[in-house]
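Structure first, then comments.
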Amino acid sequence: MVKYTGDNEEWNKNWQSRSEANYIHWTKDDPVNQIQLAFRNHWELFNTFMSSKLFNKGKRVLEVGAGRGSLSAYFSDAGYDCTLLDLSPDVIEIAKNIYSSNDLKANFVVGDAYDMDFEDNSYDVVFSIGVFEHFEDIVTPIKEQVRILDKGGLFIAYIVPEYQDNVQKKYNWINELLKGYESNLKTDTNSQSKEEVYRSDRWSEKYLPVMKQMGLSGISSCGTYPLPMISHSIEFPFSLMPEKSELALVRHFKEMLSKNTKYDHPWMCEEGYGNSFVVWGYKD
Ligand SMILES: C[S@@+](CC[C@H](N)C(=O)[O-])C[C@H]1O[C@@H](n2cnc3c(N)ncnc32)[C@H](O)[C@@H]1O
């Protein structure tokens with residue numbers, strides 16, 4: 001069986017081919033673009049998981065498949081002892097530079113989520129964002145992450161599967177329209193071909209029994225990111241539009257979120273509606 005299709009070289013090329021690889025989605029100030037708004041909401045959502053009585057309230061945090069470490073930056077800024085692990089040496093170098101230019105502290109490790117060189121029980125939070133959907137075998141990395149969690153430690157996986165009918169579907173016409181403008185202006189700096197990596201269409205129901213089997217309790221899941229991604233380059237949805245357009249979207253999206261009062265946090269939604277879903281649990 002293929003362990004993961006995104007091998008080291010593929011991920012390295014993927015990072016090298018992206019002109020937006022050098023900026024981080026973390027900000028101390030009010031978010032000024034939709035991706036910063038998304039990461040601010042991921043952070044707030046993760047804080048609701050950390051407010052559980054089941055969590056040991058420890059400060060040792062590992063991000064698996066960290067990329068530039070946009071979410072770890074929130075943990076680091078809040079005083080957590082952060083480690084960023086990624087298979088791609090290139091992105092670990094990028095992350096080091098970004099952290100040092102933003103005065104953020106962390107440990108950086110090139111490593112494989114399937115076999116991590118960390119002691120048992122050595123972290124209080126182990127999380128990943130946009131990583132599990134690239135794995136065919138999810139059992140081994142879940143087992144690895146639970147192994148290194150301490151008692152009362154929190155496991156979080158934020159997963160972006162192949163979804164057909166989510167919130168994005170209603171808004172794709174805007175992206176098509178923006179793409180037309182962009183190609184006309186010929187200002188697209190992201191037009192290089194993107195390295196294709198494997199993406200699964202598994203929903204949370206496939207993760208929950210594995211998490212239980214590995215010794216997690218208080219296991220939960222929900223849909224998340226209940227907003228569309230609006231971009232002239234939806235293949236690279238993190239490509240930013242001009243500042244004023246991004247600011248207008250942030251204002252509009254905040255308004256939309258303020259009306260989503262059905263859940264513990266407005267970033268939560270029904271699974272299948274948002275762009276992604278999240279699963280979490282605490283080590284017994
Ligand atoms: C879609 S990116 C997400 C990056 C980051 N979490 C973020 O939120 O921006 C997936 C990351 O997982 C990393 N990755 C893929 N397979 C991995 C593995 N087996 N072990 C560690 N990292 C891996 C890739 O190099 C890439 O940086």
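Return the pairs, sorted by first residue and then second, in which the second residue is more than 9 Å from the ligand (Cβ to nearest atom) and in a loop (DSSP other than H, G, I, E, B), the first residue lies in region 60-80 and is touching a residue at least 60 places away in the same chain (Cβ under 8 Å) and at negative phi, the beta carbons are less than 7 Å apart, and the residues are 6+ apart or on different chains. The qualifying pairs are ARG60/SER122; VAL61/TYR80. When the residues of region 197-245 are narrowed to those that are of a type in the set (D, E, K, R) and in a helix (DSSP H, G or I), which ends up farthest from GLU136 (Cα to Cα)? In this case the residue turns out to be LYS244.
Quick check: anything in region 130-144 within 9 Å of the ligand (Cβ to nearest atom), small (Gly, Ala, Ser) and touching a residue at least 60 places away in the same chain (Cβ under 8 Å)? Checked region 130-144: at least one residue is within 9 Å of the ligand (Cβ to nearest atom), small (Gly, Ala, Ser) and touching a residue at least 60 places away in the same chain (Cβ under 8 Å). Residues of region 37-84 that are in a helix (DSSP H, G or I) and within 11 Å of the ligand (Cβ to nearest atom): ALA38, PHE39, HIS42, SER70, LEU71, SER72, ALA73.
Scanning region 97-132 for residues that are under 27 Å from TYR198 (Cα atoms) and assigned to a loop (DSSP other than H, G, I, E, B) yields GLY111, ALA113, TYR114, MET116, ASP117, PHE118, GLY130, VAL131.
Among the residues of region 85-94, are any within 14 Å of the ligand (Cβ to nearest atom), more than 23 Å from PRO141 (Cα to Cα) and surrounded by fewer than 16 Cβ atoms within 10 Å (Cβ to Cβ)? Yes, region 85-94 has at least one match. Confirm whether GLU271 is in contact (Cβ under 8 Å) with a residue 24 or more places away in the chain, outside any helix (DSSP H, G or I) and charged (D, E, K, R). In short, yes.
Is one or more of the residues making up region 203-222 among the acidic types (Asp, Glu) and either touching a Phe, Trp or Tyr at 6+ places or on another chain (Cβ under 6 Å) or at pLDDT below 90 (or both)? No, region 203-222 has no match at all.
The values are calculated or read from the model by the stated rules, or taken from the named source; none is laboratory data. Just so we're clear, the structure is a prediction, and the values are computed from it rather than from any experiment. Here the Cβ is made from the backbone with ideal geometry for all residues, glycine too, and neighbour counts use every protein chain on show.
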